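The structure appears right after this line, and notes come after that.
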Amino acid sequence: MKTTENRIVILPNKPVEQTESGIILPEVAQTKIHMGQVIITGPGLYEPTTQDYRPMEVQVGDMVVYAHHSGADLRVAEVEYRVMRESEVLLVM
């Protein structure tokens, strides 16, 4: 896969569905924080004034936090990914 401009592809973390002691958590009790690892980045946002790309702040391997409705879901070979613009990232861990 390859992204364009300032888009990134994230492999989301799975929500914790069971405690260490084996208690199964209902969906409402599962973690509401949306996190994942950046696996692909684009070249950056194109700047027409300089005719070059602005470097990406987020790098491959970074763990990021993002809002629930950010980006779009993508499923490839039974794996769920999230594709979004770099500006939709709330926090880099």
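The values are calculated or read from the model by the stated rules, or taken from the named source; none is laboratory data. Worth saying up front: this structure is predicted, and the values here are computed from it rather than measured. Virtual Cβ from ideal backbone geometry, glycine too; neighbours counted across all protein chains shown.
Of all residues in the stretch 56-93, those that are surrounded by 11 or more Cβ atoms within 10 Å (Cβ to Cβ) and free of Cβ contacts under 8 Å to residues at least 24 places away in the same chain total 3. In the stretch 32-58, which residues are modelled with pLDDT of 90 or more and not in a strand (DSSP E or B)? Result: Gly42, Pro43, Gly44, Pro48, Thr49, Thr50, Gln51, Pro55, Met56, Glu57, Val58.
Return the total of residues in the stretch 59-93 being part of a loop (DSSP other than H, G, I, E, B), closer than 14 Å to Leu11 by Cα and hydrophobic (A, V, I, L, M, F, W, C). Number satisfying all stated conditions: 2.
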